[in-house]
Structure formats: structure tokens, C-alpha cells
Amino acid sequence: MKTSTQISRRSFIQKGSIATGALLLGNAISALAKGKKMGVALVGLGYYSSGQLAPALLHTNNCYLAGLVTGTPQKAVDWAKKYNIPQKNIYNYQNFDEIANNPDIDIVYIVLPVSMHKEFTIRAAKAGKHVLCEKPMALNAAECRDMIAACRKANRLLSIGYRLHFEPHTQEVMRLGQKKVMGKVTTIETGNGFTYGGDPNAWRLKKAMAGGGGLMDMGIYAIQGSRYTLGEEPVAVKATQEKTRPDFFKEVDETVFWELKFPGGAKVTGKSSYNNNWGYLHVTTENGNFELDPAFGYGGLDGKINGNPMKIPNIIQQAAQMDDFATCVALNKQSRVPGEEGLKDMRVVDAIYRSLDSGKWENI
Ligand code: NAD
């Protein structure tokens, strides 16, 4: 944690973006009023940490990149230089637990393959740190429950990297759907995916490390999208799948299609893929329609209401997400995307996999 005096020394790299800052001004003032910026340690310095989270941490107001956890010594050297991280705040996966003795680190952000989320969440909580964990939260709902219990026992906050909850197009969709602004939602059609052309030996294609394929990685956004549009929890699901490259997707799903039953009766269909570039959320209501397309990425969302542009600015989602969690930590307040939110999605994912096996409707 840094005091205001220490903050001013780093302020040249930590001045927040006006767009993000303006949206979170109320929260930011609360955290900063306490004269503290929360120190974040990134665990796993791969694609998402290096391309999105570390750059976003240069635009946060309430937190800053204070530490690193990596298994690659050269990354430690390169990142320390690039982000001005002291050697004493750099750990590897073996000595990670010593982070307990480091007052600079308040929040540990887990950005590892899915099979490592549970272990590092529990180790971080035991080390007395608050935890941000990337999506999908874990391999299955049972692991999510263990993570929630461990953080509760350690009296630490847990939040999942659901950046879209801090994103204004998404917040507009939540408002329109949940408040029934255009009448009740009758239909949702959503899909998320990309054409996987990467390394055939990558962890994302190994069931033991990824838990599944396109459904775990991309489908989780479409499931979330349906849940936050309606503000309801689904009760049953029926799913089917298709594989056009079975040699490539030997262990994990390629494309999955599902229908979800919600208590309010909306007809909700979704799909996920590692073989199609999808990313949309189309919603029909009693009195009209609204949509996001793109709906789930971080390269800029776009939306329409009854065919007319939403005209909402894009923000740095990750900066807004991390600033919000830092404020939650400062105020000892539950995040709007706590572990329980990750668990809800994983219960749906588990039921989809059960339905793929049984060929029947499965209760969630
Ligand atoms: P990545 O493969 O690029 O990075 C994973 C990191 O984990 C690497 O630095 C790697 O060295 C490290 N690692 C440690 N042990 C490993 C092992 N045994 N095998 C493989 N790697 C190991 O992955 P990524 O794309 O950065 O994804 C990491 C997490 O972030 C995933 O949970 C993913 O779903 C999530 N993610 C989220 C978003 C988002 O928009 N919220 C975007 C991308 C990724």
C-alpha cells in the first residue's frame, strides 16, 4: 500500500485516464481520501497480463502494479525494468507464499491457466491477500466453492475478472433488460468465439488445464450476457456440440450450442466456439430490441437500440475493473462480481457439459 507522498513520486505513470476516472470518480475519491493506492501483484505474465492488465494499471487511480509472480526469470528482469518493480516484490511459483510478509502487496491478481486458479487463490488468501481471479473462475463449480470458502475463512475479498460489469454499453444493457425499460425481454440470442489457430500444444487445448474449450473460455461471456440482461438465474439447459477439427480439438469442445430456461420464460439460445469469430448479444423485448455487437471484447463495444446507435463511449475496462476492486478493498466492501458470480456461471457450464453427455435437459 502506498501513502499519498509515495504516490506522488509515481504519479507520472499512474495518472488515470479521464474517461475511466470520471466514471469512477466517487469511488476513487473514497479510496484516495484514505491516502492509499492498493498494490497489485500479477501472477502469470502471459498474453492477458502483458497485453492488457499491466498497461491498464498505468491508467488506474486507486491501485498500481506493485509486484510480479512468474516462473520465467527473464520475464522478471524485463518486467522489473519496464514497470519499475523492486526486486523484493518479485516472486516465483515456489516462493509465492512469502508474499504474506510483503506490505506493498494488497491484491493478488491470478492470470494463470484455469487449472491453477484454485491453488493460487487459496495460497493468496492464506497469505492474507485479497484476490482477483481471471475467468473462467475454475475448472468446475466444486472448485469455485472451495475458493470462496478459503477467502471467507481468511477474511479476504475475492472477485472475478468480469471486466464488462464496469463497461458502460454493458451497464446500459443491464439497465434496459433488468428494469424492463422496453418491456419484458422475450428472446436472447448470443454467441462468443474466435477461430483458434494457435499452438496445438497450448494449455487451452488440454482438458486437465483448461477444463474445456470454447465453452469455458468464450462461452462464459455469452452465459453471463444472458444472466445480466435478464437479471435472473437459469434453471435448466440443453446443449449440443459440433467438431469440424476433431484432430485439433482432441480433448476440448470446439463449438457448443445451448438453450437456457429462465424463470421469467425468455427464450435464450447461446453458442461458443474456437472455430468461429462471434461476439454478439441480440435482445428482443415486448416493445422493441437492443443489441451489442461486438458485445464481449475489450477492443471497443458497439450497441443499438431499435436499430439506432447507442453512442456510448468506450473505456479501459480493466482499469475500471481493478480500480473498483481496489476501492472495495479500501472500504472492505464486497465486489459487484464476487466469487459467487463466478460460481453461478460455472454451475451453468457444468450443466452444459452434463447435457452434452446425456443428450437431455439438465437442471442447473
Ligand atoms: P497465457 O498462456 O498467455 O498466459 C498464462 C501464463 O501462465 C503464462 O505466463 C505462463 O508462463 C504461465 N504458466 C504458469 N504455469 C503454467 C503451465 N503449467 N502451463 C502453461 N502456462 C503456465 O494465457 P492468457 O491468455 O494470459 O490467459 C490467462 C488467464 O486469463 C485465463 O484464465 C484466461 O481465460 C484469462 N483471460 C482473460 C481475458 C479477459 O478478457 N478477461 C482475456 C484473456 C485471458
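Computing FRET efficiency as 1/(1 + (r/R0)^6) for Tyr47 and Asp146, where r is the C-beta to C-beta distance and R0 is 22 Å, gives about 0.25.
Highest GNM mean-square fluctuation among Gln74, Gln171, Gln318, for the chain modelled with Cα contacts below 10 Å: Gln74.
At q = 0.08 Å⁻¹, what is the log10 ratio I(q)/I(0) for the chain, with the Debye formula run over Cα points and no solvent? Log-scaled intensity ratios, in q order: -0.39.
Net charge in the neighbourhood of Thr72 (other residues with Cβ under 15 Å of its Cβ; Lys, Arg +1, Asp, Glu -1) is +2.
Going 7 Å from the Cα of Glu119 toward and past its Cβ, which residues in segment 63-92 have a backbone nitrogen under 19 Å from where you end up? Residues 68-73, 91-92 fall inside that zone. If you take the Cα centroid of segment 300-350 and the Cα centroid of segment 79-156, the two points sit 20 Å apart.
The angle between the Cα long axis of helix 220-230 and the main principal axis of the chain comes to about 70°, on a 0 to 90 degree scale. Beta bridges assigned by DSSP with both partners in the chain are antiparallel in approximately 60 percent of cases. Counting charges near Pro113 (Lys, Arg +1; Asp, Glu -1) among other residues having Cβ under 12 Å from its Cβ returns a value of +1. Within the listed set Ala138, Ala266, Ala41, the Gaussian network model of the chain (springs between alpha-carbon atoms below 10 Å) gives the highest mean-square fluctuation for Ala266. The count of lysine pairs in segment 112-259 whose Cα atoms are under 27 Å apart, excluding pairs fewer than 8 places apart on the same chain, comes to 26. If a paramagnetic tag sat 7 Å from the Cα of Thr195 along the Cα-Cβ line, which residues of segment 238-282 would have the backbone N under 20 Å from that point? Of the residues in segment 238-282, 242-250, 253-257, 271-280 have backbone N under 20 Å from the label point off Thr195. If the segment from Arg336 to Trp203 were pulled out straight at 0.36 nm per residue, it would be longer than the present Cα-Cα gap by 44.9 nm.
Given an 8 Å cut-off on Cα distances and at least 6 residues of separation, report the relative contact order of the chain as a percent.
Details: 781 pairs, mean separation 69.8, N = 364.
Relative contact order comes out at 19 percent.
Taking 7 Å steps out from each Cα toward its Cβ at Lys311 and Glu233 produces label points 4.0 nm apart.
Only counting other Cβ atoms within 10 Å, I'd like Ser49, Ser115 sorted with the fewest neighbours first.
Numbers: Ser49 24, Ser115 17.
By the 10 Å Cβ count, ascending: Ser115, Ser49.
Taking the chain as a Gaussian network of alpha-carbon nodes connected by springs under 10 Å, the highest mean-square fluctuation of the residues Lys88, Lys243, Lys180 belongs to Lys88. Our summary gives segment 239-291 a relative contact order of 24 percent, counting only alpha carbon pairs under 8 angstrom and 6 or more residues apart. Each Lys or Arg adds one and each Asp or Glu takes one away; over the other residues whose Cβ falls under 12 Å from the Cβ of Phe194, this sums to -1. With a Förster radius of 41 Å applied to the C-beta separation of Asn95 and Tyr280, the computed FRET efficiency comes to 0.40.
Computed from the coordinates by the stated procedures, all read-outs in this text should not be read as laboratory data. All figures in this text were calculated on a predicted structure; none of them were measured in a lab. All Cβ positions, even for glycine, are placed from backbone atoms using ideal geometry, and neighbour counts span all protein chains on display.
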